[in-house]
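Peer 1: Here's a structure for you.
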Amino acid sequence: MEEIKRMVDKYEVVQAISIGKVEVLLGIDETNAERPYMVSTCTRNNSLGVEQFYAFAAGADYLEAVHDFVSRVQWELEDLKEERASVKVPLSPLTQAQCQPIREDMRIDNQVVVIRPERLRPEYRTAVNQLVLALSGFGISAYSRGRAVYVINLYTGEEARWNREDFMGLLKPEHMPAWAQEKLEQHQAVTQQKPKRRDEVR
């Protein structure tokens with residue numbers, strides 16, 4: 001079976017490194033006599049997970065392209081190191097022993113769930129990236145065919161979409177970090193202050 005080539009425009013991607021929230025790409029178009037080498041940065045930071053490319057640069061010199069490629073990776077690495085250094089809470093990843101299994105007949109809305117470490121990039125396998133509050137989506141319901149679960153990260157407040165099977169379980173109360181409990185209470189306080197929509201007032 002012929003391997004499907006990954007393409008960006010007419011450039012075949014020959015090198016790709018995922019680091020932090022982006023992926024850095026190096027591509028070649030052998031038919032382009034003037035600018036055969038391309039470097040681009042790719043993200044999937046949208047609800048559909050669609051690839052979006054930016055900082056697209058094409059040129060004639062392979063060494064310059066490789067230098068640009070390596071420089072972007074290094075920049076992202078330094079940015080990630082600064083981001084991690086700014087976190088002032090324990091980073092140790094949460095384990096299965098700290099979780100209660102999620103049964104198929106269990107609703108998980110408004111529950112603190114733990115993302116499986118293997119579903120995260122290696123640089124994000126920490127407690128601050130694992131702990132999320134399940135908010136909505138078909139996946140919060142028992143026996144639902146839909147698997148999508150929309151969550152909010154307790155540490156950063158960022159919203160994201162996961163599938164029900166991406167969760168290792170519900171965090172056991174005795175393993176709730178103090179910072180996570182504080183963030184949860186802040187989120188609940190803000191939610192209670194929001195005015196209800198007309199169709200919710202019954």
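The values are calculated or read from the model by the stated rules, or taken from the named source; none is laboratory data. Everything quoted here is computed from the prediction, not taken from an experiment. Reconstructed Cβ throughout: ideal geometry from the backbone, glycine too, with neighbour counts over all protein chains shown. SASA here: full protein model, heavy atoms, side chains in, ligands and nucleic acids out. Shrake-Rupley method; radii C 1.70, N 1.55, O 1.52, S 1.80 Å.
Peer 1: What does a probe at Leu91 reach in the stretch 100-141, counting residues whose amide N is under 15 Å from the point 7 Å along Cα→Cβ?
Peer 2: Only 121-130 pass the distance filter.
Peer 1: Please go through the stretch 121-202 and write out the chymotrypsin sites (Phe, Trp or Tyr not before Pro) that DSSP classes as loop and that have at most 15 other C-beta atoms within 10 Å.
Peer 2: Tyr143
Peer 1: What net charge do the residues around Gly59 carry, taking every other residue with its C-beta under 10 Å from that of Gly59, with Lys and Arg at +1 and Asp and Glu at -1?
Peer 2: -3
Peer 1: Oh, and also: If ligands, DNA and RNA are left out, what is the accessible area of Asp9 with a 1.4 Å probe, given in Å² to the nearest 10?
Peer 2: Roughly 120 Å² of Asp9 is accessible to a 1.4 Å probe.
Peer 1: Something else now. Between Lys194 and Tyr54, what length in nm is gained on full extension when 0.36 nm per residue of separation is reduced by their alpha carbon distance?
Peer 2: 46.7 nm
Peer 1: Could I ask something else about it? May I ask for the angle, rounded to the nearest 10°, between helix 62-85 and the longest principal axis of the chain, with both axes built from Cα atoms and the value confined to 0 to 90°?
Peer 2: Computed tilt is about 20 degrees.
Peer 1: May I pose another question? Over the chain, what is the relative contact order in percent, taking alpha-carbon pairs closer than 8 angstrom and at least six residues apart?
Peer 2: After rounding, I find 13 percent.
Peer 1: For Arg164, what charge total do you get from the other residues with a beta carbon under 15 Å from its beta carbon, if Lys and Arg give +1 and Asp and Glu give -1?
Peer 2: +2
Peer 1: At 1.4 Å probe size, with no ligands or nucleic acids counted, give the accessible surface of Leu63 in Å², nearest ten.
Peer 2: Surface accessible to solvent at Leu63 totals approximately 130 Å².
Peer 1: Taking a spot 7 Å from the Cα of Lys81 along the direction of its beta carbon, which residues of the stretch 10-38 have an amide N less than 17 Å from it?
Peer 2: Zone members listed by number: 19-21.
Peer 1: A follow-up question, please. Give the residue list of trypsin sites (Lys or Arg not before Pro) in the stretch 72-125 that are DSSP loop and have at most 11 other beta-carbon atoms within 10 angstrom.
Peer 2: Of the trypsin sites (Lys or Arg not before Pro), the ones in loops of the stretch 72-125 whose Cβ has at most 11 other Cβ atoms within 10 Å are Lys88, Arg103.
Peer 1: Between the stretch 176-191 and the stretch 1-72, how far is it from one alpha carbon centroid to the other, in angstrom?
Peer 2: One Cα centre to the other: 40 Å.
Peer 1: Still on this structure, please answer the following. Using the Cα atoms of the chain, I'd like the radius of gyration and the largest Cα-Cα distance, Dmax, both in angstrom.
Peer 2: 21.1, 68
Peer 1: So, one more: Could you compute the net charge surrounding Val22? Neighbours are other residues with a C-beta less than 10 Å from the C-beta of Val22; K and R count +1, D and E count -1.
Peer 2: Summing Lys/Arg as +1 and Asp/Glu as -1 gives 0.
Peer 1: Loop only per DSSP, at most 15 neighbouring Cβ atoms within 10 Å: give me the GluC sites (Glu not before Pro) in the stretch 37-137, ordered by residue number.
Peer 2: In loop regions of the stretch 37-137 (DSSP not H, G, I, E or B), the sparsely surrounded GluC sites (Glu not before Pro) are Glu51, Glu104.
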